[in-house]
1. Considering the stretch 155-180 alone, what residues qualify as being assigned to a loop (DSSP other than H, G, I, E, B) and either modelled with pLDDT of 85 or more or of a type outside the set (Lys, Arg) (or both)?
2. Which one is nearest to the chain's Cα centre (by Cα), of the residues in the stretch 52-63 that are part of a strand (DSSP E or B) and over 19 Å from residue 119 (Cβ atoms)?
3. So residue 143 fits all but one of (1) surrounded by 14 or more Cβ atoms within 10 Å (Cβ to Cβ); (2) small (Gly, Ala, Ser); (3) at pLDDT 90 or above; what number is the exception?
4. Considering only residues that are crowded, with 17+ Cβ neighbours inside 10 Å and in contact with a Lys or Arg (Cβ under 9 Å, 6 or more places away or on another chain), which ones fall in the stretch 106-118?
5. Could you tell me which residue of the stretch 68-108 is nearest to the chain's Cα centre (by Cα), considering only residues that are among the polar types (S, T, N, Q) and within 18 Å of residue 128 (Cβ to Cβ)?
Amino acid sequence: MITMKEWMDLVDCKITDGSNYTWNCYGDNAYQLSSWNGIHDKGGYSLSIVFSTKSQKVYQVEVCDYTNDRAYRMIHPDKVEKFKKEAKNRNVNPYEAWDNINFIDLEVDEDFVEKATAIVAGKEYDTGVMIELDLPDDLILSAAKEAHKQNITLNAYINQALASMAEVYKAEGRYKGKDI
């Protein structure tokens, strides 16, 4: 999970709002800061962070790209279940960012930082989602050899393999999708 310092760097220390976080899923000391550039359409963005005022532990970060109607979010893995449970108890769609725009949940800090940096700068960015894989050495070697044969990068080869596997799972009815 990104740190308070990383988030403050993303917003260049420009805070536009702050308040106690009113949900209970992150505990009594949860506080939310926001940075919004004041524009809700082309060129508009906002970032928010929820953290503990005692430990500075970050629970959730969001970046909203109003130009492209995209919203990205990271929730601390230890808090996802509590967040989902509270959303259900409050009868709130835990995926909706605004007006039928759903959050795209990210798992890799670098992915969030890259997207947020580009959004704030008004630049194009990769809309794909990064995932971390822990593959055994023999599988990496085999994949690298196959990628070399196909004259593509190892990353491109693994992306193709994962996409292909997802299609097989969908066709077989075994794909359940990711839930937050």
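The values are calculated or read from the model by the stated rules, or taken from the named source; none is laboratory data. Since this is a predicted model, take the numbers as computed values, not measurements. A quick note on method: Cβ atoms are made from the backbone with ideal geometry, for glycine too, and the neighbour counts reach across all protein chains shown.
1. Start the filter on the stretch 155-180 by keeping residues that are assigned to a loop (DSSP other than H, G, I, E, B), which leaves 173-180.
The answer is 173, 175, 177, 179, 180.
2. Narrowing the stretch 52-63 to residues part of a strand (DSSP E or B): 52, 58-63.
Narrowing the set further to residues that are over 19 Å from residue 119 (Cβ atoms) leaves 52, 59.
Details: 52: 19, 59: 12 Å.
For the stretch 52-63, the residue satisfying everything is 59.
3. (3)
4. Filtering the stretch 106-118 for residues crowded, with 17+ Cβ neighbours inside 10 Å gives 106, 111-113, 115-116.
Within the stretch 106-118, 106, 112, 115 qualify.
5. Step one: filter the stretch 68-108 for residues among the polar types (S, T, N, Q), giving 68, 89, 91, 93, 100, 102.
Next, from what is left, pick out any that are within 18 Å of residue 128 (Cβ to Cβ): 68, 102.
Numbers: 68: 16, 102: 12 Å.
Ranking the qualifying residues of the stretch 68-108, first place goes to 102.
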